[in-house]
Amino acid sequence: VFGDPQNKFWLEQLTFSQGLLAEAQTAVGDLAAARENSRAQLAGCAKLAALDPTVVSWHVNLKGGALIVAARLATDSECAALIDQLAAFLVKARDFATAELGANTSREIVTAEAELMLGNLLVRVGRIPEAAGRWRAAAGRVDRYAEQGNLPAMTLLARAQLHLGDRASA
């Protein structure tokens, strides 16, 4: 990056910024540019993973965020690949949490959002029962944080509850 492809700090910053830009472009309706930046963000995550497979923030927070953006922007033809990528991400996130780190609010929120988005993609391909399972898993990941008043967790919990048809709880 910028003449030094091994510069992890700048690659991390670039990758994070590409995700923010993709989200902003989505918000203003420039979906083609958003998809381009989303793909660039996923590529940046792959480069970072190759440089160091042990950095949790890259493998969970950054990659999870990248997959969430990609899922929001997914075309019908991209759904199957993203379903596989999100499922693999969720396994890796669980492995990181199990290995040594335990629960962490920001990681759990990113992981819950990934579960929610995976459920949404599963609906698009007609796998409704699996989608409901993912929405329940998302709710379960953030329930305790929502009870503590964490606003992103409360929002995610409400979204999951809405997907599950529980409007009163949401």
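Data overview
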quantity: Residues located in the range 124-137, provided they are open to solvent by less than 60 Å² (accessible area, probe 1.4 Å) and within 22 Å of residue 78 (Cα to Cα); calculated: 126, 131, 132, 133, 135
quantity: The lone exception for residue 92 - which of (1) among the basic types (Lys, Arg); (2) closer than 22 Å to residue 17 by Cα; (3) within 13 Å of the chain's Cα centre (by Cα) it fails; calculated: (2)
quantity: Odd one out for residue 97, checked against (1) modelled with pLDDT under 95; (2) touching a helix residue (DSSP H, G or I) at 6+ places or on another chain (Cβ under 6 Å); (3) surrounded by 14 or more Cβ atoms within 10 Å (Cβ to Cβ); calculated: (2)
quantity: Options 76, 30, 84: the member that is farther than 23 Å from residue 157 by Cα and touching a residue at least 40 places away in the same chain (Cβ under 8 Å); calculated: 76
quantity: Selection from the range 25-62 of residues that are farther than 21 Å from residue 81 by Cα and more than 16 Å from the chain's Cα centre (by Cα); calculated: 25, 27, 28, 29, 30, 51, 52, 53, 54, 55
quantity: So residue 41, is it surrounded by 21 or more Cβ atoms within 10 Å (Cβ to Cβ) and in a helix (DSSP H, G or I); calculated: yes
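The values are calculated or read from the model by the stated rules, or taken from the named source; none is laboratory data. What you see is a predicted model, and the numbers here were worked out from it, not measured in a lab. Don't worry about glycine lacking a Cβ; one is built from the backbone with ideal geometry, like all the others, and counts go over all protein chains shown. The accessibility values were calculated without ligands, DNA or RNA, using every heavy atom of the protein model including side chains. Shrake-Rupley method; radii C 1.70, N 1.55, O 1.52, S 1.80 Å.
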